[in-house]
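To start, the structure itself, in structure tokens.
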């Protein structure tokens, strides 16, 4: 049953030379037999945020991601994406949940495929199915699965402008999420572009970022987007075999240093606003939801292409 429809239109980007695009794997077509590989490690820290009904919550995230893209004939390509992340929640005096921590450490394991079909020199179709495990450490693997995909069409009008449209559907964890999106790349001038900070997927659409590229070896960005993280809970907590969810709007500034074309370091400073934690029972029925105040977020990521 369709329990949640997310109908916010989102702007996505295409920029072959940028290190920060939601569809980096959809850059210029690879030559037949050519392979492109990328590895990224990241850390995100979210400081203590006050819960409306009492207590605080903080979050530390660490993960590693890898992607591989292989060029086929006529500009087509296929890709593989793998990722692992652990989110460590720390609740302090959370009277909102009866004085009991609703959850602790959450593991995310992602596996995705991508296929880009080059219609001609200016038009392409893309399909990106994926499957994810999201749950506490003791959750049965099958109980924490979520799957689906995104697909869309892109038209590149010139080297500075590409437009497209697509949509995503993901189901599992007693919920189905649907969202459409607009695909946009706009090089406004030599030093400014509009690009996209997130890849659309189970966590939601992709946000929007304005980027300044006029400084040698540096990029500076200002952006934001909606993020939602849903996961299965074990059978020992306040909601046995239930589900937790953390959703918020993320606002951030970014500074990226490129050591060379293959090595980049990203530094982020931001905040999560309109944050909400939700606790559901095993049937996906809401037990309780709790808003939390904006809090400081910092992040660092290093990526290597080869």
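Annotations for the structure displayed:
- Pairwise centroid distance, computed over Cα atoms, of segment 107-121 with segment 229-281, Å: 22 Å
- Overall form of the chain per C-alpha gyration tensor (a/c, 1.5; a/b vs b/c): prolate
- Potential extension, residue 140-residue 285 segment - 0.36 nm per residue separation minus Cα distance: 50.2 nm
- Each residue, residue 122 and residue 273, gets one label point 7 Å from its Cα in the Cβ direction; the gap between the two is 3.9 nm.
- Sites residue 60 and residue 109 - FRET efficiency at Förster radius 22 Å, r taken between beta-carbons, to 0.05: 0.75
- Linear extension gain, residue 218 paired with residue 70, 0.36 nm per residue minus alpha-carbon span: 50.4 nm
- Inter-label distance, residue 159 to residue 298: 4.0 nm, where each label sits 7 Å from its Cα along the C-beta direction.
- Paramagnetic label zone (point 7 Å from Cα along Cα-to-C-beta, residue 80; backbone N under 13 Å) in segment 109-148: 111-114
- Segment residue 37-residue 52, extension gain: residue separation times 0.36 nm, minus the distance between their alpha carbons: 1.0 nm
- Highest average packing first - 180-188, 265-273, Cβ atoms within 10 Å: 180-188, 265-273
- Spacing of the modelled spin labels on residue 101 and residue 253, each 7 Å from Cα toward Cβ, amounts to 3.3 nm.
We did not get these values from a lab; they are worked out from the coordinates using the rules stated. Keep in mind it's a predicted model, so treat the numbers as computed, not measured. Neighbour counts are summed over all protein chains in view; Cβ atoms, including those assigned to glycine, are modelled from backbone coordinates with ideal geometry.
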